[in-house]
Structures are given as C-alpha cells and as structure tokens.
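Enquirer: After the structure tokens below, expect a handful of questions from me.
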Amino acid sequence: MEINKEADGYFNQLTEGVDFLHYHRLVHGDLKPQNVLMHKTKSGTILKIADFGSAFFQDGQTHFESACTDEFKDPFCMDVSCGNPYIVQSF
C-alpha cells in the first residue's frame, strides 16, 4: 500500500533524527506530533524535529528548564531536576 510506504518513510526519518540527537547525547524531552514539522519539497516531504525548549544533555550536569507536556514526557525526564544554563530554540 502507498500509505504504509509513506508512513514507513516518515517513521524512518523520525527515528534517524532521534538517533542523531541521542548520538550527540541530547534528549528532546517533549517529542510529540506537534513538535514534528513537515517540509514539502519537490523530491518529497522532510520531517524536522522542533521545539527544543525542554531539551537537555545526558552529561548529568547540563539541563534545560523543564516545560514538558506531561502526557508525552520521556520517563527519564520525570526525575531530572533541571537548571537553565542554556536555552535551545532550534536545532
């Protein structure tokens, strides 16, 4: 089916994006459908992960102020006490 092929493409893009973030030790903290943008190009649709205001690094020291949506919050983010040394607006 064409729909499944399109959905598979979106899922692959999203997982590649999250893998990229995690490779760089960055946790989004509020990943949900509203924070995934769709950019249409001539060659197809590209997904972009947005809204890094709740992101934090997994170094145990650098955190961002938590403003996560509770229903979508990463369980790891639940127990983290967040400071606010940096604010990431976009990635």
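The values are calculated or read from the model by the stated rules, or taken from the named source; none is laboratory data. Please read all numbers here as calculations on a predicted model, not as lab measurements. For neighbour counting, all protein chains shown are included, and Cβ atoms are generated from backbone atoms with ideal geometry for every residue, glycine included.
Enquirer: Name every residue in the range 25-43 that is at pLDDT 90 or above and either outside any strand (DSSP E or B) or within 18 Å of Ala7 (Cβ to Cβ) (or both), in order of residue number.
Expert: Passing the criteria: Leu31, Lys32, Pro33, Gln34, Asn35, Val36, Leu37, Met38, His39, Lys40, Lys42, Ser43.
Enquirer: Ok, one more. Taking only pairs six or more apart or across chains, which ones have beta-carbon atoms under 8 Å, a first residue in the range 44-58 that is under 26 Å from Glu6 (Cβ atoms) and among the β-branched types (Val, Ile, Thr), and a second residue that is surrounded by fewer than 18 Cβ atoms within 10 Å (Cβ to Cβ) and at pLDDT below 90?
Expert: Pairs that qualify, where the first residue is under 26 Å from Glu6 (Cβ atoms) and among the β-branched types (Val, Ile, Thr) and the partner is surrounded by fewer than 18 Cβ atoms within 10 Å (Cβ to Cβ) and at pLDDT below 90, are Ile49/Phe91.
Enquirer: Also: Quick one: would you say Leu47 is assigned to a helix (DSSP H, G or I) and modelled with pLDDT of 90 or more?
Expert: It is false that Leu47 is assigned to a helix (DSSP H, G or I) and modelled with pLDDT of 90 or more.
Enquirer: Within the set of pairs 6 or more residues apart or between chains, which connect a residue that is under 23 Å from Asp59 (Cα atoms) and in contact (Cβ under 8 Å) with a residue 24 or more places away in the chain inside the range 9-37 to a residue that is of a type in the set (Ser, Thr, Tyr) and surrounded by fewer than 18 Cβ atoms within 10 Å (Cβ to Cβ) with Cβ atoms less than 6 Å apart?
Expert: Asp30/Thr69
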